[in-house]
Amino acid sequence: MPKRILILGALAAAFASPAQAGPYADDLSRCLVEKTTPADKNALIRWVIAVTTLHPAVQPIARVEAEARARANQETARIFERLLTQQCLDQMQQAVRYEGAAAIQGGFQTLGQVAMMELFADPTVAAALGELDKAIDVQKLREALQAPDK
């Protein structure tokens, strides 16, 4: 099994939603994804990065100035507002009415997954992910995959 598939599978699992969405939440998710522009998705990626750099495990290798984080928050808030109050209003109202407020969270989680997939698809980012391939012991992975179930 190619290492790249394992890496991408692990990344996909990291962003997977454990909850099952209903049809209205699915409609909301679809609308959110369809109505965001590439610029919107880039803004969402900047926001995720700006926020995650606050985690103590990330602070030694990445910093975002408070002013840049505030701009990312404002930009993302405008995107959320536009999507929920204009472009996906009907879908949001139906999803909340029939499936609860968690449908909004699920919709934005799906949108975040799509944005992150686009981030990882960028040639420069994909090449950097490929660097991980060089560090993984393929033999250990093969052995683990062939180990009998316990």
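Side notes on the structure shown:
- Solvent-accessible heavy-atom area per residue, rounded to whole Å², over the chain at 1.4 Å: 67
- Relative contact order %, the chain, counting alpha carbon pairs below 8 Å whose residues are six or more apart: 39
- Here the chain has 60 percent of its accessible surface on carbon and sulfur atoms, given a 1.4 Å probe and all protein chains in place.
- Order by protection proxy (mean Cβ within 10 Å, highest first), peptides 61-67, 91-97, 102-108: 102-108, 91-97, 61-67
- Semi-axes of the equivalent ellipsoid of the chain are 32, 22, 13 Å, computed as sqrt(5λ) over the eigenvalues of the C-alpha gyration tensor in descending order.
- Convex hull projection area averaged over all views, the range 43-120, Cα basis, nm²: 6.0
The values are calculated or read from the model by the stated rules, or taken from the named source; none is laboratory data. Quantities reported herein were computed from a predicted structural model and do not represent experimental measurements. Methodologically, a virtual Cβ is constructed for each residue, glycine included, from the backbone with ideal geometry; neighbour enumeration extends over all protein chains shown. Heads up: the accessible areas ignore ligands, DNA and RNA and are worked out on the full protein's heavy atoms, side chains in. Shrake-Rupley method; radii C 1.70, N 1.55, O 1.52, S 1.80 Å.
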